[in-house]
Structures are given as C-alpha cells and as structure tokens.
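Below is one structure, written out as structure tokens; the observations come after it.
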Amino acid sequence: MEVHISENQSGSFAQAGGALLQSFLKLFPLGSELGQFWQSLLAAHSADPSRLGTLQTAYLQQQLALWGSMLACEPGKPAGPIATTDKGDKRFAGREWHESPYFDYLWQAYLLNSRFLNDVVETAELDEPAKHRLRFYTRQLIDAMSPANFAATNPEALRLALDTKGESLHAGIRHLIEDVEQGRVSMSDESAFEVGRNLAVTPGEVVFENELIQLIQYQPATAKVRKLPLLMVPPCINKFYILDLQPENSFVRYAVEQGNTVFMVSWRNITEDRLGRLTWDDYIADGVMKAIEVVRAIGKSDKINALGFCVGGTLLAAALALLRARGEERVASVTLLATMLDFSYPGDIGVFVDEASMASREAAIGKGGILPGRELAFVFSALRANDLVWSYVVNNYLKGKTPEAFDILYWNADSTNLPGPMYCWYVRNMYLENKLREPGELSMCGVPVDLGAIRLPTYILATREDHIVPWKTAYLSTRHLKGDTRFVLGASGHVAGVINPPSKNRRSYWRSDRLSASAEEWLAGAEETPGSWWSNWNAWLEGFSGGERAAPKKLGNAKFKAIEPAPGRYVKVRV
C-alpha cells in the first residue's frame, strides 16, 4: 500500500534529520582528518601487504558462502546464517529480518563487512593510542551504517508502516522534529517523571546554600543514628538525584535506613553568564570544602565520612589532599564510586581530548563562558551509540514509538552546564596531562597537593562494563592512596552497576582482601558474590560510624537553618 506524506512533512523530516545527523557527526573527525586516519591504516598494512590480502581473501570467501547459502535455500525457508550477531545485539532479532531472502542477506552482509573493517584495524601495525582512536572511529562508522537505522532497509519499520497505514511514519516524523527542537534524542517517556514528585523524594531539608551548591540534610529513618555523618558528593556534570531516584532504588534512602545522617551536595546548573567564570578551585573551596565544614558543624563532629561519585569522587579526593596538605583532619573514611584519579587509560573519552581540541576550548570558554550540558551528554551517549543513540532513532523515528518510562534514562537527559574555566582546567590537567597522580604537580586553592598523603580507610567501587571510567583505570587509584583500601568490582556499567539495591537481588560483585600489582591479577584472585555491593559497603562503613547517638529531632542547627524542603531549587533547573 502507499504511505502518504505531505510536502511540508517531507521537508520538515529532511530538515530535522539533517540537523540530527550533523549534531552526531560533528563529534567525530571529518574530511582531511578522517582521511588521515584511513591513510595511516593503509600505511600500517603497506609494510606487509600479505596480512591485508589474507583478510580480503577470507572476506570474499565468506561473501561467496553467503551468496551460495541464499541461492541454495528453498522458497519460503530462510537459509542457515553464515554471519551471527554478537551476544546482546538485538538489532536483527525480529522475524522480518529472516523471512525475506533480501533482508536476510542484508543484515548478514553488513555483519561480514563490519568484521572485515574491524579485522583490518586490529591487524594494523599502529601504536596503541593511534589504534584506539581508529578503532573508535571505525566502530562509530559501522554502528551508523547499520541497515536497521534506515527506513528503506529496516523490514520491521516497513511492516509497521504497512500495518498502521502509515501512522507509524507520521508519528516518527513528529518525534524527530520534537527531538531536534529540544536538541537531544528522547530516551525515556519524560512525562512519567518529575523531580520532587516521584524522583528525589527522600525527605530532607536544604540547610545551606551559596552560589555554587545547596546542601541537603535528610530526615533520619531510625531512632538512633551513627555519630559520624555521611557527606555525598555527586558528579557536577549530572544532577545529584542519580543517588536518589525512586524510593525502591534510592541509594540515599538506603544509606539513611542504615542509620546514617546523610548530607548531599546539589551542584548549581550554570545558566547565568556571571557564573561562567567559576574555576576548579571554586568547586573545591565553595563546593566540597564548604560542605565538609557545614556537615561537621551540624553533626557536631570533628570528623565525617565522605563519598564521591565519578567527577564528584575526583573533586572529593582533591579536597582531601588539600586538607592533608594543610594539616587538617576532617574525614574518617572515604568512598569513591566509579572515580578516576589516575587518567592514564581514560577509555574512549580520551579520543575526544587532544592538544588541538583543548586549545580551541580554552580560547572559546577558558576564561569565561558556559559548556552546555547537552553537549557532554551527547558525547557520553556516543560512547555507546548503538544502545544510547541508534536504538532510539529506530524506535522513535522509524517505528514512531514513544520510549518507555525509565528513571535512569530520564536522569541521563537532565544535563547540567559547567563553567568554562572549571571544565577546561579539569580536562587539561586530568585527561590531557594527567597531573593529579603526580605529587605536587597540581595546586588546589594555592596549595600543592599529593594524593599519596591521603591515608584514610578507602572503599573503591568500579564497575566491570563502565564505558566512562574503565574499571582497570579506577583500580589505579589503589597505587596512589596510601590508606587501608578495599577495592570492589561491581557488575554492569557506570550507572546501573552503582544503582543496584539489595532488594532487587540482581547482578553480583567481586572483592578480594588483597591488592595486587595489576587489575588483572586482582580479578584472578577475587571472589564473586551474588547480589548488590551496597550491603558490603554498609558493613565496611559501620566500622567508621563512631558509635551511635539519638537521631536529631530537627534538621540543621542554629547557624544553618532549614531553607526549603529537599530536593531544593538548584536541581530543578533544566536546560
């Protein structure tokens, strides 16, 4: 049957599609730079052309076998696959891909082409940084060119268009135009959630605020609480409520229920030009250090326990090194979740960081300006483009479906702007030059710092499939922190591996009482335990509780009074 699309709709579709494609492709080198990468690949094979010849011969044999399989199959019966998908790849699982010889050939040929390109990269004689970059760009090209991503070559989308008399295509066009207008791909039904209504609803009060942070104190859930309060420092790149999603998967609620007096830093979303001047030192002094001061005062405690997640963990460790350099003992234990302190192997994020790109950033916003949070969010999505970009292109635009409601993906889209000076300093000194690991190479608030001076009991959690903080890189922190350190490896990725409540009884974690010279050696001697790492962490943290006391009846104190109910104003500002 015919599917009718008006001229105006067709023009809008083309315009919206072009904008989406440009926003994706601008993240990767094009033109001469991309050409240089491919030239380096060919040059790497020129010394021994036989390697490339062997790959080409094997590739042609596989293609001939695929053609032979298609020609030999009986009418109406799919041929046995010559190519097979990787575990977890569901792009071609639908029956429509296998009912037609044309589409059955199309997806298998795509996989053979993909594997040939990957093999050419892997067998090239290149140094590891060059191969890593080329491997990344090749994967982006392969993922983008999947036949599942295009209406004309996706039989599931074509069947749905026929079954719905074209309504799925009309809905897809509407979704695409809406997403381009909002500047991002929708990953969740955003109408299902609201911060303060069904996300970030653990009871509490904002007890302090300045131009950079609000500090939340949560209402006790037990008659007695541990004497030492717990301060959580979330990533400033995202909103804090990843640690306080819905009640059933809220890490904050869990920590409160274990008898902790929990405080949370809520970072300001930088939307005003005047705040675009803030620096890394401002985030240390007016963010982490100020929060520690207020928590100690309200908790009437000389020391506190502190936890940092991702960039929040990097900021926390930097602040602890500064405290140590000043001779101040303010923290009893530290927990680092999916945190990098040594940036030797930053994973695929490192592909985006080089001297040229850094100099360009510094010229644009290094002395003042705002880095849009949406730009960072899109970079993180591009690291797992099949899961976080193309699957939604297919679902939302080709099939015209509305994404399901998923709290983590709602949070993922709730991005946070950063001040240019802070961002540029962080990326140059951490990712590009990796100075934090070197004693005295960096100064915080005018004081040279040394991670090795941090001699605190430390709980380090990494996650095995983390694409933002590779777990082996997180393990490097054990070399630099000199206190009694426990390293734990959780299953899953950067977010799902952290947000894993015990009540769900999902996944597992690995731990060992011994630290090894390398991450691989550590894992070989580690024991896997089913379930959540939260229980293991809580038992560890109890050793630094300082005993118990009666739960406070009021939040804050005479100096730091309640300002407004949690989750506060700052977290609700969207861009």
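The values are calculated or read from the model by the stated rules, or taken from the named source; none is laboratory data. Owing to the predicted nature of the structure, the values given are computational and were not obtained by experimental measurement. In this analysis, Cβ positions are derived from the backbone assuming ideal geometry, glycine residues included, and neighbour counts consider all displayed protein chains. Surface areas here come from the heavy atoms of the whole protein model, side chains and all, with no ligands, DNA or RNA. Shrake-Rupley method; radii C 1.70, N 1.55, O 1.52, S 1.80 Å.
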Out of curiosity, is residue 277 touching a Gly at 6+ places or on another chain (Cβ under 7 Å) and open to solvent by 10 Å² or more (accessible area, probe 1.4 Å)?
yes
I'd like the full set of residues that are of a type in the set (D, E, K, R) and within 13 Å of residue 401 (Cα to Cα), limited to the range 165-177.
167, 174
Single residue of the range 370-383 satisfying the filter (open to solvent by less than 20 Å² (accessible area, probe 1.4 Å) and not in a helix (DSSP H, G or I)) that is nearest to residue 133 (Cα to Cα):
383
By residue number, the members of the range 424-455 that are closer than 21 Å to residue 344 by Cβ and hydroxyl-bearing (Ser, Thr, Tyr) are 426, 431
Return the pairs, sorted by first residue and then second, in which the second residue is open to solvent by 70 Å² or more (accessible area, probe 1.4 Å) and in a loop (DSSP other than H, G, I, E, B), the first residue lies in the range 84-102 and is closer than 18 Å to residue 158 by Cβ, the beta carbons are less than 8 Å apart, and the residues are 6+ apart or on different chains.
98/78; 99/78; 101/78
I'd like to verify a number: residues in the range 26-55 that are at pLDDT below 55 and of a type in the set (Gly, Ala, Ser), how many?
2
Considering only residues that are open to solvent by less than 100 Å² (accessible area, probe 1.4 Å) and over 13 Å from residue 487 (Cα atoms), look in the range 505-516 and name the one that is modelled with the lowest pLDDT.
507
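Condition check ((1) assigned to a loop (DSSP other than H, G, I, E, B); (2) farther than 26 Å from residue 364 by Cα; (3) touching a residue at least 40 places away in the same chain (Cβ under 8 Å); (4) among the polar types (S, T, N, Q)) across all residues:
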residue: 394; (1), (2), (3), (4): no, yes, yes, no
residue: 400; (1), (2), (3), (4): yes, yes, yes, no
residue: 404; (1), (2), (3), (4): yes, yes, yes, no
residue: 410; (1), (2), (3), (4): no, yes, yes, no
residue: 422; (1), (2), (3), (4): no, no, yes, no
residue: 428; (1), (2), (3), (4): no, no, yes, no
residue: 431; (1), (2), (3), (4): no, no, yes, no
residue: 438; (1), (2), (3), (4): yes, yes, no, no
residue: 441; (1), (2), (3), (4): yes, no, no, no
For the range 218-254, give me each residue that is in a helix (DSSP H, G or I) and touching a residue at least 60 places away in the same chain (Cβ under 8 Å).
240, 241, 242, 243, 248, 249, 251, 254
Residue 374 - would you say it is at pLDDT below 95 and in contact with a strand residue (DSSP E or B) (Cβ under 9 Å, 6 or more places away or on another chain)?
yes
Residues (out of contact with any helix residue (DSSP H, G or I) (no Cβ under 9 Å at 6 or more places or on another chain) and either hydrophobic (A, V, I, L, M, F, W, C) or assigned to a loop (DSSP other than H, G, I, E, B) (or both)) located in the range 267-290
271, 272, 275
For the condition in contact with a Lys or Arg (Cβ under 7 Å, 6 or more places away or on another chain), open to solvent by less than 10 Å² (accessible area, probe 1.4 Å) and over 23 Å from residue 367 (Cα atoms), what is the one hit in 313, 259, 308?
259
Somewhere in the range 214-235, is a residue among the β-branched types (Val, Ile, Thr), farther than 19 Å from residue 424 by Cβ, more than 23 Å from the chain's Cα centre (by Cα) and open to solvent by 30 Å² or more (accessible area, probe 1.4 Å)?
yes
Could you check, for the range 191-203, whether at least one of its residues is more than 21 Å from the chain's Cα centre (by Cα) and in a helix (DSSP H, G or I)?
yes
Can you find a residue that is small (Gly, Ala, Ser), more than 23 Å from residue 278 (Cβ to Cβ) and at pLDDT below 95 anywhere in the range 328-344?
no
Looking only at the range 518-575, which residues are in contact with a strand residue (DSSP E or B) (Cβ under 7 Å, 6 or more places away or on another chain), open to solvent by less than 70 Å² (accessible area, probe 1.4 Å) and within 18 Å of residue 490 (Cβ to Cβ)?
522, 523, 526, 529, 531, 533, 536, 537, 540, 541
Within the range 58-80, is there a residue that is small (Gly, Ala, Ser), buried (at least 16 other Cβ atoms within 10 Å of the Cβ) and either under 30 Å from residue 354 (Cβ atoms) or at pLDDT below 70 (or both)?
yes
Just to be sure I understand, how many residues within the range 384-412 are surrounded by fewer than 18 Cβ atoms within 10 Å (Cβ to Cβ) and hydrophobic (A, V, I, L, M, F, W, C)?
3
Would you be able to tell me the number of residues in the range 262-274 that are of a type in the set (A, V, I, L, M) and surrounded by fewer than 24 Cβ atoms within 10 Å (Cβ to Cβ)?
0
The range 329-364, residues that are among the aliphatic types (A, V, I, L, M), in contact (Cβ under 8 Å) with a residue 40 or more places away in the chain, open to solvent by 20 Å² or more (accessible area, probe 1.4 Å) and within 18 Å of residue 431 (Cα to Cα)
353
Given the conditions (1) under 21 Å from residue 545 (Cα atoms); (2) within 18 Å of the chain's Cα centre (by Cα), report the number of the one that residue 259 does not fulfil.
(2)
